[in-house]
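Notes follow once the structure below has been shown.
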Amino acid sequence: MTGAKTVITLTDMRFYSRHGVMEQERSVGNDFLVSVTIELDRCVSSDELADTVSYADVAAVVAARMNQPSRLIEHCSWTIAEDLLHAPFGNRINRLTVKVTKPTPPIAGIEMAGAAVETVWKREG
């Protein structure tokens, strides 16, 4: 199949973490959602785990990073992307999107479904 790619998505992994600029966010913590989309460098046509990226391995990388507090969710998203690209399976990634959402940002008087940041990376060439 010409031009076919395999895309793996882990949607809205929920974590309780201590990310935030405000002291209360860092001491009390908050819920966060992380979604990761990975486009592999080729289409996976086999039935072998070795030819793809394990969802469990991706989730473990994300969980490890979410346990390390950041002031900014921008930084959190970037470091998750960096960790995934440097993981043993990182060389198979052609394109990567990491989205970190804070469902209840501390903005008085504004209702919203959340504040989110995405880091998008694409292999050049």
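Distances between placed amide hydrogens fall under 5 Å for Arg71 paired with Gly20, all partners being 5 or more residues away or on another chain. The residues of the chain present an accessible area of 59 Å² per residue when probed at 1.4 Å with all protein chains retained. Each residue of region 16-24 was assigned a 3J(HN,Hα) from its phi angle through the Karplus curve 6.51 cos²θ - 1.76 cosθ + 1.60 (θ = phi - 60°); the sequence is 9, 9, 10, 8, x, 7, 6, 4, 4 Hz, with glycine and proline shown as x.
Loop-located GluC sites (Glu not before Pro) across region 11-67 with a Cβ neighbour count of 12 or fewer within 10 Å are Glu48, with loop assigned by DSSP.
So what is the relative contact order for the chain, in percent, with contacts set as C-alpha pairs under 8 Å and at least six apart?
On the way: 221 pairs, mean separation 33.6, N = 125.
Computed over the chain, the figure is 27 percent.
In sequence order, region 41-54 has phi-based couplings of 6, 7, 6, 8, 10, 8, 10, 10, 4, 5, 8, 9, 10, 5 Hz under the Karplus curve 6.51 cos²θ - 1.76 cosθ + 1.60, θ = phi - 60°, and Gly or Pro positions carry x. For region 1-50, the pair-distance distribution built from all alpha carbon pairs, in bins 10 Å wide starting at 0, is 21, 29, 21, 17, 11, 1 percent.
Each other residue within a Cβ distance under 14 Å of Asp41 adds +1 if Lys or Arg and -1 if Asp or Glu, for a net charge of +3.
Treating the beta-carbon of each Lys and Arg as +1 and of each Asp and Glu as -1, no other charges, what is the dipole magnitude of the chain about its Cα centre, to the nearest 20 debye? Don't skip to the end; give the middle numbers.
Details: 13 positive and 16 negative charges, 36 e Å.
With Lys and Arg at +1 and Asp and Glu at -1, about 180 debye.
Can you give the calculated 222 nm mean residue ellipticity of the chain, where each DSSP H run of n ≥ 4 adds -39,500 (n - 2.57) and the sum is split over every residue, rounded to the nearest 500 deg cm²/dmol?
Details: 3 runs with 32 residues, N = 125.
Calculated at 222 nm, the ellipticity per residue is -7500 deg cm²/dmol.
Near Cys43, the amide H atoms lying under 5 Å from its own belong to Thr6; only residues 5 or more places off or on other chains count, and H is placed 1.01 Å from N.
If I stretch the segment between Glu48 and His75 completely, what's the gain in nm (0.36 nm per residue apart, minus their alpha carbon distance), one decimal?
Details: separation 27, 0.36 × 27 = 9.72 nm, distance 3.41 nm.
6.3 nm is the gain from fully extending Glu48 to His75.
The HN-Hα couplings worked out from phi for region 69-86 by the Karplus form 6.51 cos²θ - 1.76 cosθ + 1.60 (θ = phi - 60°) are x, 10, 6, 10, 6, 4, 5, 4, 4, 4, 6, 4, 4, 4, 4, 5, 5, 9 Hz, whole numbers, x standing for Gly and Pro.
Surface composition of region 1-122: carbon and sulfur atoms hold 52% of the protein heavy-atom accessible area at a 1.4 Å probe.
Can you give the percent of C-alpha pairs in region 73-115 whose distance is more than 13 Å? Above the 13 Å cut-off, region 73-115 has 61 percent of its Cα pairs.
In region 60-124, which GluC sites (Glu not before Pro) fall in coil by DSSP and have 14 or fewer other Cβ atoms within 10 Å?
Loop-located and lightly packed - Glu111, Glu124.
For region 1-50, the relative contact order works out to 46 percent when only alpha carbon pairs closer than 8 Å and six or more residues apart are counted.
When only DSSP loop residues count, what trypsin sites (Lys or Arg not before Pro) in region 31-125 have their Cβ near at most 14 other Cβ atoms within 10 Å?
Working: sites: Arg42, Arg65, Arg71, Arg92, Arg95, Lys99, Lys122, Arg123; in loops: Arg42, Arg71, Arg123.
Qualifying residues, ordered by number: Arg42, Arg71, Arg123.
Pair-distance distribution P(r) for the chain, from all Cα-Cα distances in 5 Å bins starting at 0: 2, 11, 21, 22, 16, 11, 8, 5, 3, 1, 0 percent.
The values are calculated or read from the model by the stated rules, or taken from the named source; none is laboratory data. These numbers come from a predicted model, not from an experiment. Because the Cβ atoms are built from the backbone with ideal geometry, glycine has one as well, and the counts that use them run over all protein chains shown. Accessible surface is based on the protein model in full, side chains and every heavy atom, while ligands, DNA and RNA are left aside. Shrake-Rupley method; radii C 1.70, N 1.55, O 1.52, S 1.80 Å.
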